[in-house]
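The values are calculated or read from the model by the stated rules, or taken from the named source; none is laboratory data. Worth saying up front: this structure is predicted, and the values here are computed from it rather than measured. Every residue, glycine as well, gets a Cβ built from its backbone with ideal geometry; the counts of neighbours run over all protein chains shown.
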Amino acid sequence: MAVPALTSLYREHQVELIRLAVLLVGDVATAEDVVQDVFLRLQARPPRLQDESKLPAYVRAAVLNGCRMALRRRRRTWGHTEPHEPPVWSAESAVMLGEDRREVLAALRRLPRRQREALVLRYYLELDDAEVARVMGIRPGTVRSTMVRALAALERRLGEEER
């Protein structure tokens, strides 16, 4: 893959990939670092894909794996396994995000990793089951069952917060 194609891919998918990473790691700085690292690795060592139309899915999977690595490093460094909670939302973010959305994001962060990833890929990036399966490296049937469990868990968590 040539550098111009990589630049075009970056421009086209940068915002989507950073959003994905923010939802998984919990902060913008780490998310931007993950996405940047993925593109630097792609530039140094382009993937060998038979079909270039699969490149966006390949990059999403690389970002997902980068987020997993960042969370593992964070757990090792901080010595605990609790999901990352951003210290304080900025005033601008607080205004932009309604209370309901903050509650959903907080409940989403408390879900198990696989369930959180499936929901983010499906509902925030609007990928279909086959695309989610390709990015996560699992079968489409597993995506569907994971989604059912994740939505039920999310509903329970949101119901608990209302009480």
Open item on the list: I want to confirm something. Restricting to the stretch 111-136 and keeping residues that are farther than 20 Å from Ile18 by Cα and surrounded by fewer than 16 Cβ atoms within 10 Å (Cβ to Cβ), which single residue is nearest to the chain's Cα centre (by Cα)?
Closed with: Pro112
TODO: Keeping to the stretch 70-119, report how many residues are aliphatic (A, V, I, L, M), modelled with pLDDT under 70 and either under 16 Å from Thr30 (Cβ atoms) or not in a loop (DSSP other than H, G, I, E, B) (or both).
DONE: 5
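Residue by residue through the stretch 28-48, note down the ones that are touching a residue at least 12 places away in the same chain (Cβ under 8 Å) and assigned to a loop (DSSP other than H, G, I, E, B).
Correct list: Pro46, Pro47.
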- [ ] Among the residues of the stretch 37-56, count how many are surrounded by 12 or more Cβ atoms within 10 Å (Cβ to Cβ) and either modelled with pLDDT under 90 or of a type in the set (S, T, N, Q) (or both).
- [x] 9
Task: Residue list for the stretch 137-154, restricted to those being assigned to a helix (DSSP H, G or I) and surrounded by fewer than 19 Cβ atoms within 10 Å (Cβ to Cβ) - done: Pro140, Gly141, Thr142, Arg144, Ser145, Met147, Val148, Arg149, Leu151, Ala152, Ala153, Leu154
